[in-house]
1. Below 21 Å Cα-Cα, how many Lys pairs turn up in the chain? Only count pairs eight or more apart in sequence, or on different chains, if you could.
2. Please go through the stretch 156-260 and write out the GluC sites (Glu not before Pro) that DSSP classes as loop and that have at most 15 other C-beta atoms within 10 Å.
3. Could you give the nm distance between label points at residue 189 and residue 100, where each point is 7 Å from its Cα heading toward the beta carbon?
4. Once every Cα of the chain carries one equal point scatterer and solvent is ignored, give the base-10 log of I(q)/I(0) from the Debye formula at q = 0.06, 0.10 Å⁻¹, two decimals.
5. Which of rounded, prolate or oblate describes the stretch 56-158 when judged by the alpha-carbon gyration tensor and an a/c cut-off of 1.5?
6. Which value, in debye to the nearest 20, describes the size of the charge dipole of the chain about its Cα centre when Lys and Arg Cβ atoms bear +1, Asp and Glu Cβ atoms bear -1, and nothing else is charged?
7. Taking the Cβ of each residue in 106, 243, 189, 158 as the centre, tally the other Cβ atoms inside 10 Å and list the residues starting with the fewest.
8. Take the alpha carbon gyration tensor of the stretch 85-229, find the square roots of its eigenvalues, order them as a ≥ b ≥ c, and report rounded if a/c is under 1.5; if not, report prolate when a/b exceeds b/c, else oblate.
Amino acid sequence: MKTSKSWVSTGVIIGLLAGTTHAVNIDTVPVGNPGNVADTHGTPGYGSVGYTYNIGKYEVTAGQYCEFLNKVAATDTYGLYNTYMWSTTYGCKIQQSGTSGSYTYSVASDYANRPVNYVSYWDACRFANWLHNGQPAGPQGTATTETGAYTLNGYNYSGGRTIPRNADWTWAITSEDEWYKAAYYQGGSTDADYYDFPTSSNTVPGRDLDDESGNNANYYGDPWPIQSPYYATLAGEFQNSTSPYGTFDQGGNAKEWTETIREGIYRGVRGGSFRTSYQSLLASYRIYEGEMAQWDDIGFRVVAVPEPATLSLLALAGIGLFTRKHSRAL
């Protein structure tokens with residue numbers, strides 16, 4: 001039998017009561033082997049990253065995003081909250097209460113540890129800025145959501161503006177290379193191979209919630225939803241089905257925004273979801289969405305720079321870290 005879910009970090013269970021605030025703890029895992037080779041068969045040319053970084057172990061949850069809203073969205077200047085989060089069958093059950101200027105937010109306890117959805121790419125960037133700035137409370141402005149990893153300064157449209165990651169970032173949305181490497185690269189050296197699926201496997205994942213032998217994920221199949229009445233599963237539900245670096249749910253559950261620009265106003269989205277077939281979990285499967293898209297099966301994951309102690313150890317080992325300029329995807 002599968003063990004209880006008590007092993008999931010309590011850091012993701014927050015924001016349950018309207019108006020209460022707590023620090024958001026983002027569990028991360030390190031992704032090493034800097035300078036690894038790019039993939040040659042899944043999505044050729046992707047997955048090579050020349051620096052060590054930490055990536056979110058789980059997708060950003062509804063509880064974590066609810067805490068963010070309570071800190072910065074008493075007046076929701078840039079529309080970080082979508083009413084569909086509460087009102088639809090597929091929503092992550094974050095509810096907005098009160099009136100503009102004094103909005104508060106709460107999340108249903110049985111949804112707090114499931115991925116947030118109905119978030120645009122710019123919503124995700126503002127969450128990353130907030131983490132970068134130390135999770136401050138206050139209006140949506142330069143001290144909270146508009147500067148940090150990304151210099152947004154009120155930009156909230158699909159106008160094709162690039163707005164790259166700033167050089168001094170500490171938290172950010174994953175680039176497609178960072179996401180791809182964490183999901184598929186087998187690790188252990190700089191010249192390893194890539195898996196086809198982000199469950200450390202080259203065979204099609206199952207949908208077994210018991211997950212005793214691993215290689216399972218939440219994607220469209222029979223029955224659907226996988227765990228009625230819930231469409232999205234808990235963060236880390238498939239506890240034996242991690243990626244090679246130890247992340248959960250990079251395959252299925254919610255598709256995830258990446259920074260990579262595709263076709264002007266579109267950003268790369270990776271990983272498949274509870275709405276899509278197993279093919280969407282493949283390394284070869286790429287799609288993109290408009291930056292302002294807010295769908296019921298799109299969430300996001302964040303990436304962080306290594307802790308200072310890690311950087312010091314790497315320097316002593318003679319491993320050079322450098323900031324990689326993210327290129328446009330063709």
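1. So the count works out to 9.
2. 212
3. 6.0 nm
4. -0.18, -0.53
5. Since a/c reaches 1.5 and a/b is larger than b/c, the shape of the stretch 56-158 is classed as prolate.
6. The calculated dipole for the chain is roughly 540 debye.
7. So the residues, fewest neighbours to most, are 189, 158, 106, 243.
8. Oblate, because a/c is 1.5 or more while a/b does not exceed b/c.
Rule-based calculations on the coordinates, nothing more; no lab input. Small disclaimer: the values here were computed from a predicted structure and weren't measured. Please note: Cβ atoms are built from the backbone with ideal geometry, for glycine as well, and neighbour counts cover all protein chains shown.
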